[in-house]
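**Q** One structure coming up, written as structure tokens, with questions to follow.
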């Protein structure tokens, strides 16, 4: 498929139509079908509410963990866990019949692995399996937003087939960790894929050719998933596995977290990486962070980040409690994994030192 | 945009939402908004009824010229003309209020230039201008399915700006005559394009990069539209203009049409090309046509066609009246325009001769 937005819209439509057909047999055809997802889902944040405007679905059931931040610093919001899913569905049931929310029929639960918007955290694997069972009992489809599924599998220490097993449908992306130029894939059983091909046409997604993306995606997939199998590798570039990327990131974060100067102005979310990425929270203004970055570059020739974002200040606990004003996403990828650990340590320590002089 | 299917769906949504907003002011918010198009429109034939299933629109208002075939041979169905548009809208008005069709509100008229499914025929240009005025009076958007708009412009003897002028929005394709690997463009005024960008995201059409298609499309567009301006051409390949392609096709068709053996089993639709393409109708079975093609190749080393389609026999006038069992699309493109006229003439005359021996 050309993109993940399209792939996941299509997955939702297929699961919803199926649910609608089942519901009609119970004479509940008037009920609207929608889906459930974590409050940081890509569908809620980055798709111009396509689920409403294009898919004509009600507002989704939101599994929110937004208030479960660390009370000492306002960060460390958890991913969707079994308890969060159970609690959300129980609340739905307890709402009165007059309540618009209570009339929702949920066709699908979307679980993002890893949760990108909260630093690549993963739902505990036991929870994934129990959520699967819970959904099966309720006849709700389990869809995986696996934009970074290969990274998640590495984080869990599972194979791709193992991590795919609990889901009814999965979307994976090829242009993130797998380093393709673009491209996505939607996976499910045969009936699901047959339906998906029809929807792909309706969305205008079956291009005259996808060759440039297909070649690049296949290349990236092979390089990154067959990485330990040298016989299958024709590339001369040695790709570092996602496990090794995560281990390297973990080493660096552990050392930085015990540094007194760094600790004063920087926190990592999660404190220990669950995949090859995390968020870096900074107790300084965007302007000061960029100044310190540039000063670090002059002193060490190391540029510690490219882009930094402001924490939305008003009422955001990371700002109100922890006094964090900015954050950035730090990923250990093909581009930076080749650098020595010491380069990261020197860069971030110098940055923290520069920052402390500015604040 | 990645594809024409997506581009035209988006155009319809934008025009429909605008119409809906206008209608709501007149307290007609319950009325469904849909569109009008010729009975051979791509949207009716090749998109799995996306207008119903994805766009949630009513069945479109169909401008049918299907019964206006040549009574002597069952072919030569005309394109949508002013009279057809007027007649269709008048019929809609005359229908009673109880009729579901009569409650349709038409947001958009889609006009395909040229009409691909009937051999590249073009709505007479005066009709296009008068349809524009008619739609303007009714506050209906005029959208051009310009998958082959550059070819249509050549057929009309108009420049691209001239042929674009009457329309509120236009889709053009880059991978047909313009020879890109894939890619499309949707054009309209600034507000329209701003809206289109939001819908592009909702459809999952704003890929991480469109570079391979963008490069190829820009290259094809330059080569084919700046063809007379040698200073702007860096390519060493001399591209033959669409005008010249049409002239060549016209010469060949004229000569073949006056050949006694050819005339017996072959008819061209339209009789004189209106663009660089047309349909070839054959009074023989698919099996015989393919045999004659292969025999022609043995005798002359010329392969006259690649793919042939069966005329849907039951009740199709081309079959019932004209006894045509098959047809094919013949396009004069970059790949075959370099051949001498005599190659086409020898090939088709030999083919007709082979076919006459089989029937």
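**Q** Mind listing whichever residues of segment A:154-207 are assigned to a strand (DSSP E or B), more than 12 Å from every other protein chain (Cβ to nearest Cβ) and in contact (Cβ under 8 Å) with a residue 60 or more places away in the chain?
**A** A:169, A:185
**Q** Among the residues of segment B:135-153, count how many are assigned to a helix (DSSP H, G or I) and within 20 Å of residue B:249 (Cβ to Cβ). Spell out how you get there, then give the answer.
**A** Applying the first criterion (assigned to a helix (DSSP H, G or I)) to segment B:135-153 yields B:135-138, B:149-153.
Still in the running and within 20 Å of residue B:249 (Cβ to Cβ): B:149-153.
Summing the residues that are assigned to a helix (DSSP H, G or I) and within 20 Å of residue B:249 (Cβ to Cβ) in segment B:135-153 gives 5.
**Q** Could you tell me whether segment A:295-306 includes any residue that is at pLDDT below 95, surrounded by fewer than 16 Cβ atoms within 10 Å (Cβ to Cβ) and touching a helix residue (DSSP H, G or I) at 6+ places or on another chain (Cβ under 6 Å)?
**A** Checked against the condition, which is being at pLDDT below 95, surrounded by fewer than 16 Cβ atoms within 10 Å (Cβ to Cβ) and touching a helix residue (DSSP H, G or I) at 6+ places or on another chain (Cβ under 6 Å), segment A:295-306 yields no hits at all.
**Q** Kindly indicate the residue of segment A:6-16 that is within 27 Å of residue A:215 (Cα to Cα) and touching a helix residue (DSSP H, G or I) at 6+ places or on another chain (Cβ under 7 Å) and also nearest to the other protein chains (Cβ to nearest Cβ) among those meeting that condition. It would help to see each step written out before you state the result.
**A** Narrowing segment A:6-16 to residues within 27 Å of residue A:215 (Cα to Cα): A:6-11.
Imposing the further condition that a residue be touching a helix residue (DSSP H, G or I) at 6+ places or on another chain (Cβ under 7 Å) reduces the set to A:6, A:8-10.
On the way: A:6: 3, A:8: 8, A:9: 6, A:10: 9 Å.
Per the criteria, the residue is A:6.
**Q** I'm trying to understand the selection: among the residues of segment A:23-50, which are touching a strand residue (DSSP E or B) at 6+ places or on another chain (Cβ under 9 Å) and at pLDDT below 95?
**A** As a first pass, look at segment A:23-50 and keep what is touching a strand residue (DSSP E or B) at 6+ places or on another chain (Cβ under 9 Å): A:23, A:28, A:31-44.
A:23, A:28, A:31, A:32, A:33, A:34 - these are the residues of segment A:23-50 that are touching a strand residue (DSSP E or B) at 6+ places or on another chain (Cβ under 9 Å) and at pLDDT below 95.
**Q** Is it true that some residue in segment A:104-114 is farther than 30 Å from residue B:9 by Cα and either surrounded by fewer than 22 Cβ atoms within 10 Å (Cβ to Cβ) or touching a residue at least 60 places away in the same chain (Cβ under 8 Å) (or both)?
**A** yes
**Q** While we're here: Test each condition in (1) surrounded by 24 or more Cβ atoms within 10 Å (Cβ to Cβ); (2) assigned to a helix (DSSP H, G or I) for residue B:132 and report the one that comes out false.
**A** Just one mismatch for residue B:132, condition (1).
**Q** From the set of residues in segment A:255-283 that are surrounded by fewer than 16 Cβ atoms within 10 Å (Cβ to Cβ) and under 25 Å from the mean Cα position of the chain (by Cα), which is nearest to residue A:74 (Cα to Cα)?
**A** Taking segment A:255-283 and keeping what is surrounded by fewer than 16 Cβ atoms within 10 Å (Cβ to Cβ), we get A:257-260, A:263-264, A:271-272.
Now drop any that are not under 25 Å from the mean Cα position of the chain (by Cα), which leaves A:257, A:271-272.
Values: A:257: 17, A:271: 13, A:272: 17 Å.
Per the criteria, the residue is A:271.
**Q** Among the listed residues B:19, B:58, identify the single one that is under 30 Å from residue A:194 (Cα atoms), at pLDDT below 95, surrounded by fewer than 23 Cβ atoms within 10 Å (Cβ to Cβ) and away from every other protein chain (no Cβ under 14 Å).
**A** B:58
**Q** Could you say whether any residue in segment B:213-225 is surrounded by 21 or more Cβ atoms within 10 Å (Cβ to Cβ), within 11 Å of chain A (Cβ to nearest Cβ) and in contact with a helix residue (DSSP H, G or I) (Cβ under 6 Å, 6 or more places away or on another chain)?
**A** no
**Q** To continue, here is another question. Can you find a residue in segment B:116-132 that is out of contact with any strand residue (DSSP E or B) (no Cβ under 9 Å at 6 or more places or on another chain) and within 22 Å of residue B:219 (Cα to Cα)?
**A** Within segment B:116-132, not a single residue is out of contact with any strand residue (DSSP E or B) (no Cβ under 9 Å at 6 or more places or on another chain) and within 22 Å of residue B:219 (Cα to Cα).
**Q** While we're looking at this one, here's another question. Hey, which of the helices (runs of 4 or more DSSP H) in segment B:32-115, taking only ones fully inside, have at least 1 residues that are assigned by TED's automatic domain parsing to the domain that holds residue B:145 and within 16 Å of residue B:146 (Cα to Cα)?
**A** Of the helices (runs of 4 or more DSSP H) lying wholly inside segment B:32-115, those with at least 1 residues that are assigned by TED's automatic domain parsing to the domain that holds residue B:145 and within 16 Å of residue B:146 (Cα to Cα) span B:42-45.
**Q** So, one more: If residue A:32 meets every condition in (1) surrounded by fewer than 20 Cβ atoms within 10 Å (Cβ to Cβ); (2) closer than 23 Å to residue A:114 by Cα; (3) within 14 Å of chain B (Cβ to nearest Cβ) apart from one, which number is that one?
**A** The one condition residue A:32 does not meet is (2).
**Q** For residue A:6, are the conditions met, namely being closer than 24 Å to residue A:198 by Cβ and touching a strand residue (DSSP E or B) at 6+ places or on another chain (Cβ under 6 Å)?
**A** no
**Q** Can you tell me how many residues in segment B:318-348 are touching a residue at least 40 places away in the same chain (Cβ under 8 Å) and more than 15 Å from residue B:284 (Cα to Cα)?
**A** 14
**Q** In addition: Being touching a helix residue (DSSP H, G or I) at 6+ places or on another chain (Cβ under 6 Å) and surrounded by 14 or more Cβ atoms within 10 Å (Cβ to Cβ) is the filter here, so list the residues in segment B:311-330 that pass it.
**A** Result: B:311, B:324, B:326.
**Q** May I ask you to verify whether residue A:205 is surrounded by 21 or more Cβ atoms within 10 Å (Cβ to Cβ), more than 22 Å from the chain's Cα centre (by Cα), modelled with pLDDT of 95 or more and over 21 Å from residue A:337 (Cβ atoms)?
**A** Spelling it out, residue A:205 is indeed surrounded by 21 or more Cβ atoms within 10 Å (Cβ to Cβ), more than 22 Å from the chain's Cα centre (by Cα), modelled with pLDDT of 95 or more and over 21 Å from residue A:337 (Cβ atoms).
The values are calculated or read from the model by the stated rules, or taken from the named source; none is laboratory data. Quick caveat: nothing in here was measured; it's all calculated off a predicted structure. Note that each Cβ is placed from the backbone with ideal geometry, even for glycine, and that neighbours are counted across all protein chains shown.
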